[in-house]
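The values are calculated or read from the model by the stated rules, or taken from the named source; none is laboratory data. Being a predicted model, the structure only gives us computed values, none of them experimental. Because the Cβ atoms are built from the backbone with ideal geometry, glycine has one as well, and the counts that use them run over all protein chains shown. Side chains are part of the model used for accessible areas, which takes the heavy atoms of the whole protein and leaves out ligands, DNA and RNA. Shrake-Rupley method; radii C 1.70, N 1.55, O 1.52, S 1.80 Å.
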Amino acid sequence: MAVSHSILRRLRLASSSSSSRFTKPFHLFKFSFSTTSPPNPPPIQVSLTNSTGRAVFATRSIPTGDLIHTAEPAVCHPSPSALHPVCYSCLTRLPSSPPQRSPFCSHHCLQRSKEYYDVEMKADWTDFDNYCRNQGLKYPFLVKRLACMIISGVSRSDSLDILQPANLTPEMILEMEKGFTLLKNAFIKTLVADDQIAFLTKQWYIDVLARIRINAFRIELAGGGSYEDLLSSAFASVEAEAAVGNAVYILPSFYNHDCDPNAHIIWIDNAKAKLKALRDIDEGEELRICYIDASMDRDARRELLFQGFGFQCNCSRCLHGD
């Protein structure tokens with residue numbers, strides 16, 4: 001879900017409790033994540049429901065402000081229009097003065113990204129990048145990055161298959177076909193072996209892009225500071241910052257939407273996502289985030305959700321006209 005989060009609005013919303021959604025779930029996965037606060041993090045589980053399909057549930061009560069879990073991106077890419085240079089790997093802001101020659105923030109990022117970075121640097125992306133920029137497209141850059149990861153052996157071609165795809169119009173597919181041609185030609189001109197790009201078919205490109213369209217997050221960094229500092233400080237400065245990039249996550253993509261969410265996702269200084277409780281959450285309650293700016297009025301929210309994600313929001317807040 002491609003989202004730009006209105007953090008200050010969500011913290012205000014957190015002060016009012018929303019209705020709990022207790023369904024009879026069919027459990028798919030159970031997770032437990034380590035963190036420093038609290039010592040024993042609340043486990044969560046992904047379950048199937050009759051109403052919304054996959055959903056994330058709390059397996060014990062979670063207090064307001066608790067870190068629920070973290071998530072590393074399956075794939076991420078810097079924004080082509082980012083105001084500041086960022087790390088190729090983790091999207092940490094790089095010093096702009098003096099300019100840093102290396103595209104990595106650390107030796108760790110260099111080492112974990114070197115294989116697919118080398119693949120990407122061998123190709124001439126002029127035509128592909130110019131097409132995407134001229135058309136105002138950002139998600140094909142994620143497909144390019146994922147293709148390089150697959151070629152280098154870092155990722156699998158089916159790594160995003162578990163995610164829900166968007167419904168595509170014929171016009172969308174036609175646009176995607178042009179991007180596919182430019183992407184594949186860049187690899188062919190680089191003399192990448194045929195067996196290395198056997199996965200790179202038009203259908204694969206369209207299927208991956210369909211999943212990225214509704215599961216990508218827009219990364220806005222909150223900067224340094226503790227979680228407690230973030231909860232107590234004004235977030236107007238966060239909202240003024242441009243996105244540093246986009247990323248796709250597996251587990252966070254299972255979170256359903258609510259205009260009055262009980263959880264939210266934040267990024268402190270890199271693309272590692274942190275899911276936090278906005279209010280007290282009961283055991284068995286579904287965890288939901290807001291895909292859009294929750295401060296918009298109801299009609300604007302519902303229209304944006306329908307156009308961007310393909311569903312009519314019937315959360316309690318929308319149904320009550322708020």
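Looking across region 250-265, the residues that are in a loop (DSSP other than H, G, I, E, B) and crowded, with 20+ Cβ neighbours inside 10 Å come down to Y255, D258, C259, D260, P261, N262. Within region 112-134, identify whether any single residue is at positive phi and open to solvent by less than 20 Å² (accessible area, probe 1.4 Å), and answer yes or no. No.
In region 194-209, the residue that is surrounded by the most Cβ atoms within 10 Å (Cβ to Cβ) out of those that are aliphatic (A, V, I, L, M) and touching a helix residue (DSSP H, G or I) at 6+ places or on another chain (Cβ under 9 Å) is V208.
Among the residues of region 118-130, which ones are under 23 Å from the mean Cα position of the chain (by Cα) and either over 20 Å from R211 (Cβ atoms) or without any contact (Cβ under 8 Å) to a residue 40 or more places away in the chain (or both)? Scanning region 118-130 gives E120, D129. Count of region 266-316 residues, restricted to those that are outside any loop (DSSP other than H, G, I, E, B) and either under 16 Å from the mean Cα position of the chain (by Cα) or without any contact (Cβ under 8 Å) to a residue 60 or more places away in the chain (or both), is 20.
Within region 42-63, restricting attention to residues that are surrounded by 15 or more Cβ atoms within 10 Å (Cβ to Cβ) and of a type in the set (V, I, T), the residue that is modelled with the lowest pLDDT is T49. Out of all the residues in region 177-193, which are at pLDDT 95 or above and buried (at least 18 other Cβ atoms within 10 Å of the Cβ)? G179, F180, L182, L183, K184, A186, F187 - these are the residues of region 177-193 that are at pLDDT 95 or above and buried (at least 18 other Cβ atoms within 10 Å of the Cβ).
Within region 135-152, if we keep just the residues that are of a type in the set (K, R) and within 17 Å of K184 (Cβ to Cβ), the residue that is surrounded by the most Cβ atoms within 10 Å (Cβ to Cβ) turns out to be R145. Return yes or no: is Y139 out of contact with any Phe, Trp or Tyr (no Cβ under 8 Å at 6 or more places or on another chain) and in contact (Cβ under 8 Å) with a residue 60 or more places away in the chain? Judged against the criteria, Y139 is a match.
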